[in-house]
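Notes to accompany the following structure.
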Amino acid sequence: MRREAEVDVKAENPDGVERGKIAIEWGSDALAELLSRLDLRYLALVPGSSYRGLHDSLVNYNGNRDPQMLVCLHEEHAVAIAHGYAKVTGRPMGVAIHSNVGLMHASMAIYNAYCDRVPMLIIGATGPVDAARRRPWIDWIHTSTDQGALIRGFSKWDDQPASVEAALESLARAYSITREAPSAPTYVCLDVSLQEQAVATPPEIPDVSRDKSPRSHGPDAVAVQATLEFLGQARRPLFLLGRLSRDPDDWDRRVALAERYGAVVVSDLKNGAVFPTAHRLHPNPPGTFLPAASAKLIGEADLILSLDWIDLAGTISAAAGRGHPTAARVISCTTDAALHNGWSKDSYGREPVDLTVPADPDLLVRALLEADGPAKPGEWAAPEDAEVMAAGTVTTAGTVPTAGDDSSDIFMNDLADALREALDGSPACLVRVPLGWRGADLDVGHPLDYLGADGGAGIGSGPGMAVGAALALEGSGRLPVAVLGDGDFMMGGTAVWTAAHYRLPLLIVVANNSSYYNDVVHQERVAAQRQRPAQNSWIGQAIADPEPDLAQFARSFGLHAGDRVRDRASLRAVLAGAAAAARAGASVVVDVRVRPDGYGAMSG
Ligand SMILES: Cc1ncc(C[n+]2csc(CCOP(=O)(O)OP(=O)(O)O)c2C)c(N)n1
Ligand SMILES: [Mg+2]
């Protein structure tokens, strides 16, 4: 995948700095030294005086290398960029954000990253905790008693060390904790005073190279044995494949395990690619909510093996609600309980399990395969029986639009078809899809073909995550392609400047329906329930009059963008041209007028 030698993110090298030849003179120099020894290639940031000491050390002590700063236009983007990067690499990026106001800006993106279980090391700061050292006004409004409390409900660990020595320990520890599965952001808040403190004797830098611990652990022998017995007894096993790795070997092992036991597989549009969608054992397209055809499979299964599936309890009860209660035994393999707390309800309901395996699910798959059990065909009916639910998309008007419609209007599946044709089989990574994207239009054969959603369903994340994925994919030969809603694009749009600035190849396609359309569907639903006029559902939702000019917006940030595409006939050629430009190194935005459709399964 990534060929390091080819990575060429625009470097910004400071003058007169020869890293390695500069003595540690300040508290923040010691912290920068430690950061350079962690495997942190980038530090996405919005600057602030609360970490001006560290900022100086990162530039004039470290030489702006390892980590290299990435300038962002909003703290939410800095975190989203780290999030997108982690989704591709599985590795943490650093993020630096200003005292409390910066953290407040960052907080929704931290929530997204937390719900998506990705690693990142967030370095925050505070004005002097010692009130006697505060400058008038600004240091007082940028200091708080317990800054970490702002995000403690949705971060894995936080600390506010009171000395340089303690800060070194704290940063090293935060780095280990965020990497360990289940991953989630960690936060270390650095008092401006300790950063700016002169150090006469350089403190000892923790030896972070010592720790060779794996980031996750496999199942114990008893759990493997019990799972094998359940699988051996099952006639219709079903695998719910949830948050799993981007490793192609893990991918192959999942396929081999499903084939060995004749298990049918259900995947989830909220997660990245985990299983080939064209495989005969993956009969139904994934959904954001459970599709009807997959509910039916749950009802028919006699064993459900859940591999870190999001909301197992809710999924099983949704199937029952659709008339498919399950009598299956349930095995849940996940380490997620380590993150569950009282604030965030992303721990979901109590899982109705027969067996919990608290291990890395991909390591369970590996252990099961290594156990070398006999192949069992499974007794599922032929996959043709599965009713493929997403064959047509239901509009709010109740009609079923399909590609090939006489008008030149572009529906979401026209966009999906045109994109597939424009990419013409060359390697690409679908970073995101918008809310109206049909599961049937997802076609994956490799773990980097699709990265899934943002974890916390916080709109505005798409552009930043696209930039982070582009950074991670730079030099891999795989083109990052993000299809974003217009609401999502505009809310997080200034993130794209960072892609242009660092010369990242990236293609963003905006599925522009001039609306927060998902919520139009909600208003229609409520109006219908209350027997009120559904035609008022656009009010408070439309993004028109004036119509934002997305191409002009993108160009003003240094991206390539042509006029809005309104005509189905020209779409493929425009997308092919944009993909070629992106492959040649440009950051490109294509604004496509889409007709709202495909939301039938979204409004719940
Ligand atoms: C931060 C945030 N604000 C509001 C919402 C509620 N919300 C969910 S989907 C959506 C509409 C998104 O619009 P767009 O990206 O254009 O997608 P569309 O539904 O039009 O396809 C909104 C506002 C949210 N999820 N996150
Ligand atoms: Mg929209």
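The values are calculated or read from the model by the stated rules, or taken from the named source; none is laboratory data. All values reported here derive from a predicted model rather than from experimental measurement. We place every Cβ from the backbone using ideal geometry, glycine too, and count neighbours over all the protein chains shown. Note: accessible area is taken over every heavy atom of the protein model, side chains too, but ligands, DNA and RNA are not part of it. Shrake-Rupley method; radii C 1.70, N 1.55, O 1.52, S 1.80 Å.
Evaluate the following for Gly455: is it within 15 Å of ligand 1 (Cβ to nearest atom), free of Cβ contacts under 8 Å to residues at least 60 places away in the same chain and under 17 Å from the mean Cα position of the chain (by Cα)? Walk me through how you get there before you give the answer.
Working: within 15 Å of ligand 1 (Cβ to nearest atom): yes; free of Cβ contacts under 8 Å to residues at least 60 places away in the same chain: no; under 17 Å from the mean Cα position of the chain (by Cα): yes.
Answer is no for this residue.
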Checklist outcome for this item: Filter segment 412-443 for residues that are open to solvent by less than 10 Å² (accessible area, probe 1.4 Å) and closer than 25 Å to Asp249 by Cβ; the one that is farthest from the chain's Cα centre (by Cα) is Cys429
Checklist outcome for this item: Here the residues within segment 458-500 that are away from ligand 1 (no atom under 13 Å from the Cβ) and among the charged types (D, E, K, R) are Glu474, Arg478
Checklist entry - What strands (runs of 3 or more DSSP E), lying completely within segment 30-140, carry at least 1 residues that are among the aromatic types (Phe, Trp, Tyr)? => result 42-45
Checklist outcome for this item: Exception for Gly27 within (1) modelled with pLDDT of 90 or more; (2) closer than 20 Å to Trp497 by Cβ; (3) open to solvent by less than 30 Å² (accessible area, probe 1.4 Å) falls at (2)
Checklist entry - Restricting to segment 171-215, what's the tally of residues that are in a loop (DSSP other than H, G, I, E, B), open to solvent by 20 Å² or more (accessible area, probe 1.4 Å) and of a type in the set (Ser, Thr, Tyr)? => result 2
Item to check | Hey, Ala320 over 13 Å from Val266 (Cα atoms), open to solvent by 20 Å² or more (accessible area, probe 1.4 Å) and assigned to a helix (DSSP H, G or I) or not | outcome: yes
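Collect the residues in segment 549-565 that are under 22 Å from Pro596 (Cβ atoms) and open to solvent by less than 40 Å² (accessible area, probe 1.4 Å), keeping them in residue-number order. Don't jump to the end; show me each part of the working.
Initially, segment 549-565 is screened for residues under 22 Å from Pro596 (Cβ atoms), giving 549-551, 553, 563-565.
Those that are under 22 Å from Pro596 (Cβ atoms) and open to solvent by less than 40 Å² (accessible area, probe 1.4 Å): Leu550, Ala551, Val565.
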Next on the checklist: For segment 493-543, which positions are among the small types (Gly, Ala, Ser) and either open to solvent by 30 Å² or more (accessible area, probe 1.4 Å) or touching a Leu at 6+ places or on another chain (Cβ under 9 Å) (or both)?
Outcome noted: Gly493, Ala495, Ala499, Ala500, Ala511, Ala528, Ala534, Gly540, Ala542
Checklist entry - Pairs, please: C-beta under 7 Å, at least 6 apart or cross-chain, first residue β-branched (Val, Ile, Thr) and in segment 138-167, second assigned to a helix (DSSP H, G or I)? => result Ile151/Leu103; Ile151/Ser107; Ile151/Ile110; Val164/Gly27; Val164/Ala30; Val164/Leu194
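Listed here are the residues, each with its yes/no results for (1) free of Cβ contacts under 8 Å to residues at least 60 places away in the same chain; (2) under 31 Å from the mean Cα position of the chain (by Cα); (3) within 12 Å of ligand 2 (Cβ to nearest atom).
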{"site": "Ala542", "(1), (2), (3)": "yes, yes, yes"}
{"site": "Glu547", "(1), (2), (3)": "yes, yes, no"}
{"site": "Ala551", "(1), (2), (3)": "yes, yes, no"}
{"site": "Gly558", "(1), (2), (3)": "no, yes, no"}
Checklist entry - Is there a residue in segment 476-492 that is more than 16 Å from ligand 2 (Cβ to nearest atom), farther than 15 Å from Arg583 by Cα, under 19 Å from the mean Cα position of the chain (by Cα) and surrounded by fewer than 24 Cβ atoms within 10 Å (Cβ to Cβ)? => result no
Item to check | Matching residues in segment 17-29 - criterion: being of a type in the set (D, E, K, R) and in a helix (DSSP H, G or I) | outcome: Asp29
Checklist outcome for this item: Residue count, segment 280-293, condition in a loop (DSSP other than H, G, I, E, B) and open to solvent by less than 30 Å² (accessible area, probe 1.4 Å), comes to 8
Checklist entry - Is at least one residue of segment 535-544 more than 16 Å from ligand 1 (Cβ to nearest atom) and not β-branched (Val, Ile, Thr)? => result yes
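If I ask for residues that are among the charged types (D, E, K, R) and buried (at least 20 other Cβ atoms within 10 Å of the Cβ), which ones from segment 216-245 would you list?
Here is the first cut: in segment 216-245, the ones among the charged types (D, E, K, R) are 220, 229, 235-236, 243.
Correct list: Arg243 only.
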Next on the checklist: Looking only at segment 317-330, how many residues end up being under 26 Å from the mean Cα position of the chain (by Cα) and under 18 Å from Ala234 (Cα atoms)?
Outcome noted: 0
Item to check | Any chance Glu384 is at pLDDT 65 or above, charged (D, E, K, R), open to solvent by 50 Å² or more (accessible area, probe 1.4 Å) and in a helix (DSSP H, G or I) | outcome: no
Next on the checklist: For the list (1) modelled with pLDDT under 95; (2) within 14 Å of ligand 2 (Cβ to nearest atom); (3) not polar (S, T, N, Q), I need the number of the one condition that Ala511 fails.
Outcome noted: (1)
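Report yes if some residue within segment 577-589 is within 16 Å of ligand 1 (Cβ to nearest atom), touching a helix residue (DSSP H, G or I) at 6+ places or on another chain (Cβ under 8 Å) and either in a helix (DSSP H, G or I) or not small (Gly, Ala, Ser) (or both); otherwise report no.
Taking segment 577-589 as the starting set, the residues that turn out to be within 16 Å of ligand 1 (Cβ to nearest atom) are 589.
Checking the rest, the ones that are also touching a helix residue (DSSP H, G or I) at 6+ places or on another chain (Cβ under 8 Å) come to 589.
So of that shortlist, the ones also either in a helix (DSSP H, G or I) or not small (Gly, Ala, Ser) (or both) come out as 589.
Within segment 577-589 (the criterion being within 16 Å of ligand 1 (Cβ to nearest atom), touching a helix residue (DSSP H, G or I) at 6+ places or on another chain (Cβ under 8 Å) and either in a helix (DSSP H, G or I) or not small (Gly, Ala, Ser) (or both)), the answer is yes, since at least one residue qualifies.
Yes or no: Arg568 more than 16 Å from ligand 2 (Cβ to nearest atom), more than 29 Å from the chain's Cα centre (by Cα) and surrounded by 19 or more Cβ atoms within 10 Å (Cβ to Cβ)?
Details: more than 16 Å from ligand 2 (Cβ to nearest atom): yes; more than 29 Å from the chain's Cα centre (by Cα): yes; surrounded by 19 or more Cβ atoms within 10 Å (Cβ to Cβ): yes.
The answer is yes for Arg568.
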Item to check | Scan of segment 54-66 for residues that are open to solvent by less than 10 Å² (accessible area, probe 1.4 Å) and in contact with a helix residue (DSSP H, G or I) (Cβ under 6 Å, 6 or more places away or on another chain), ordered by number | outcome: Leu54, Ser57, Leu58, Asn62
